[in-house]
Amino acid sequence: MVSCDLLIENAMLATMDESERSALPYGEIADGAAAISGDRIEWIGAMSELSSGLREGAANILDAKGRWVTPGLIDCHTHLVFAGNRAREFEMRLQGTSYEEIARGGGGIASTVTATRTATDEELFSGASKRLGTLGSFGVTTVEVKSGYGLDVETELRMLRVARGLGVEHPMTVRTTFLGAHALAPEYAGDRSGYIDLVCETMIPKLIDEGLADGIDAFCEGIAFTPEECERVFAVGTQHGLPIRVHADQLSDSGGAALAARVGAVSADHLEYASEDGIQAMANSGTSAVLLPGAFYFLGEEQVPPVDALRLHGVPIAIATDLNPGSSPINSPLTAMNMACVLFGLSPEEALCGMTRSAAKVLGMSGDRGVLRAGSCADLVVWDIDHPSELSYWIGGNPCDAVVQAGTLRSY
Ligand code: NIG
Ligand code: FE
C-alpha cells in the first residue's frame, strides 16, 4: 500500500529547483502536490500525476487551496545571541557620528560585548529565543547563529552553547558559527597577536572538544582584523574541518573577497567594497556571496555590492538578515529580501533563491534544504500570496500561513 504522512495538495509550488522539469521562473509547478513521509518529501509533482493510491494512503491532507508553497526560508547569517541593544548609538549615528567612529571610540561591537558578558545564560537564551521565534513566524526553518560578542573564552563558549540550545528547544534547524575574531577583546588592546593566539590556541580547541561549532568566521576589516590575522584563525579552523565564512569588504576594500577565495571559504559576506578581481577569485574557488542589505540600509551605506560582477562570474548569491544589535536590527527575512531588490537591484526570484537554494549551499545543505524535490528535507511554507514576487514586495505584514518543519506542521 502506497502511503504518506502528509499530502499537500492544490498548491502552486515554487520548487526553486534548478533541476526541476519546469523551466519556469521559481521552478514553478502549477496545481501541484507534495507527499511527505517522515521528514522527507517523498513525491512532488502536478496533481494530474499524483497517483490515487498515494492520495488515498495519506494520513493527513493539507489543502493549499491554490496558495503558493515554497521551501522553508534559510537565514544563513545572523548574530542573534546577544544582550542589550544599541539604540543610543543609533541616535548618535543620526546626529552624524559614523559606525566606525563609534567603534573606534569604544562603542559598537564592544558595547554589546560588555552587555553579553554580564548577561546570564538564561537572559541570553530568552532574548535569542524571541528573535528566533519571530524569524520562524516568517517561514524561516533553518538559521545560522554566530558567536562573537563574548571575545573571552567563557563567553564565546556560552554563546555557542546557547545557540545549540536554541536548536533543541525550537522546532527549527540551527547551525552555529564561531566568530571569536569579530573584534579585538578590550583586554588585548595593544596585543593583537596575543588575542589571535587566544582564539587559535584556546577557544578553538575547547569548542571543538564540546562540538559547539559547525563553522568558523572572522571579520576582515580596518576596524577588526587584517587578512593575515584572519588567515591564522582560518588555518586552525581548517585543521579541525570547520567550513570558513568571512565578513568581507563591508566598509572598505580590505582584500576580504580575495582572502575568502584563498582559504577556500564557503562564503564571503557583505562585499560592498569587493573588487572585480576578488569576485573573479571567488568564482574560481567556488565561494558564494552572502549579501546583507539590512546592514547596508541601517548604516546608511552608499556603495552597493558588485551584483553585476557576481552574476557575470556565476557566483551564487545568498541573502540574509545579519540580525544583530549594531548594524542590522532586522527580524524579518522578507524585509531583507525587499531591501535586496530595492537597494541592490536583485529580482524577487533572485532574492527568494538567496533565502532558499543559495543559502542552503552556504550552510553545506545543497539539495537537502532550500529546494522542493523528492528526497529532500520536508521544510515547506504555505503563503497567502498570489505570486512569489510578493514575498519581496510587501514591506511589513506577514503572509506566512503555515510551516511544515521536517515533515511536521509547526505551530508558528
Ligand atoms: O555583520 N560586520 C561585523 N559584524 C556585524 C555587526 C556587528 C555589530 O555591529 O554588532 C555585521 O554587520
Ligand atoms: Fe555579520
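Values computed for the structure shown
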read-out: Total residues in the stretch 305-361, condition assigned to a strand (DSSP E or B) and closer than 30 Å to residue 88 by Cα; value: 3
read-out: Selected residue (only one of 41, 29, 61 is under 24 Å from residue 337 (Cα atoms), of a type in the set (A, V, I, L, M) and in contact with a Leu (Cβ under 9 Å, 6 or more places away or on another chain)); value: 29
read-out: Residue among 269, 322 that alone is in contact with a Ser or Thr (Cβ under 7 Å, 6 or more places away or on another chain) and under 16 Å from residue 145 (Cβ atoms); value: 322
read-out: Restricting the stretch 282-292 to residues that are away from ligand 2 (no atom under 15 Å from the Cβ) and assigned to a loop (DSSP other than H, G, I, E, B), the residue that is surrounded by the fewest Cβ atoms within 10 Å (Cβ to Cβ); value: 286
read-out: Criterion (assigned by TED's automatic domain parsing to the domain that holds residue 93, of a type in the set (A, V, I, L, M, F, W, C), within 14 Å of ligand 2 (Cβ to nearest atom) and surrounded by 20 or more Cβ atoms within 10 Å (Cβ to Cβ)) met by exactly one of 268, 261; value: 268
read-out: Test: residue in the stretch 180-192 that is touching a residue at least 60 places away in the same chain (Cβ under 8 Å), away from ligand 2 (no atom under 16 Å from the Cβ), under 28 Å from residue 377 (Cα atoms) and surrounded by fewer than 19 Cβ atoms within 10 Å (Cβ to Cβ); value: no
read-out: Near pairs, Cβ below 6 angstrom, 6+ apart or cross-chain, from the stretch 212-234 (assigned by TED's automatic domain parsing to the domain that holds residue 245) to any residue that is among the charged types (D, E, K, R) and more than 15 Å from ligand 1 (Cβ to nearest atom); value: 214/175
read-out: Within the stretch 99-141, helices (runs of 4 or more DSSP H) holding 3 or more residues that are within 13 Å of ligand 1 (Cβ to nearest atom); value: 99-104, 109-118
read-out: Residue 273 at pLDDT 95 or above, over 30 Å from residue 141 (Cβ atoms) and outside any helix (DSSP H, G or I); value: yes
read-out: In the stretch 24-76, residue nearest to the chain's Cα centre (by Cα) [restricted to those that are part of a loop (DSSP other than H, G, I, E, B) and of a type in the set (D, E, K, R)]; value: 39
read-out: Counted residues, the stretch 5-31 - those being crowded, with 23+ Cβ neighbours inside 10 Å, touching a residue at least 24 places away in the same chain (Cβ under 8 Å) and over 18 Å from residue 368 (Cα atoms); value: 3
read-out: Test set (1) buried (at least 22 other Cβ atoms within 10 Å of the Cβ); (2) over 26 Å from the mean Cα position of the chain (by Cα) - residue 143 fails condition number; value: (2)
read-out: Out of 238, 226, sole residue that is surrounded by fewer than 19 Cβ atoms within 10 Å (Cβ to Cβ) and either of a type in the set (D, E, K, R) or within 22 Å of residue 322 (Cα to Cα) (or both); value: 226
read-out: From 263, 246, residue being touching a helix residue (DSSP H, G or I) at 6+ places or on another chain (Cβ under 7 Å), closer than 17 Å to residue 79 by Cβ and touching a residue at least 24 places away in the same chain (Cβ under 8 Å); value: 246
read-out: Complete set of residues in the stretch 146-159 that are surrounded by 24 or more Cβ atoms within 10 Å (Cβ to Cβ) and either under 20 Å from residue 410 (Cα atoms) or over 16 Å from the mean Cα position of the chain (by Cα) (or both); value: 149, 150, 151, 156, 159
read-out: Per-region count, the stretch 223-250, residues more than 16 Å from ligand 1 (Cβ to nearest atom) and either closer than 23 Å to residue 98 by Cβ or within 18 Å of the chain's Cα centre (by Cα) (or both); value: 2
read-out: Residues of the stretch 139-152 classified as more than 16 Å from ligand 2 (Cβ to nearest atom), within 21 Å of residue 77 (Cα to Cα) and not polar (S, T, N, Q), total; value: 2
read-out: Complete set of residues in the stretch 89-138 that are of a type in the set (A, V, I, L, M) and within 16 Å of ligand 2 (Cβ to nearest atom); value: 103, 109, 110, 113, 128, 135
read-out: From 279, 319, residue being among the β-branched types (Val, Ile, Thr), out of contact with any strand residue (DSSP E or B) (no Cβ under 7 Å at 6 or more places or on another chain) and either in contact (Cβ under 8 Å) with a residue 40 or more places away in the chain or buried (at least 24 other Cβ atoms within 10 Å of the Cβ) (or both); value: 279
read-out: Test: residue in the stretch 163-179 that is in contact with a Phe, Trp or Tyr (Cβ under 6 Å, 6 or more places away or on another chain) and surrounded by 20 or more Cβ atoms within 10 Å (Cβ to Cβ); value: no
read-out: Which numbered condition residue 167 misses (of (1) small (Gly, Ala, Ser); (2) over 17 Å from the mean Cα position of the chain (by Cα); (3) over 15 Å from residue 243 (Cα atoms)); value: (2)
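The values are calculated or read from the model by the stated rules, or taken from the named source; none is laboratory data. It should be emphasised that the depicted structure is a prediction, and the values quoted were computed from it without experimental measurement. Neighbour counts are summed over all protein chains in view; Cβ atoms, including those assigned to glycine, are modelled from backbone coordinates with ideal geometry.
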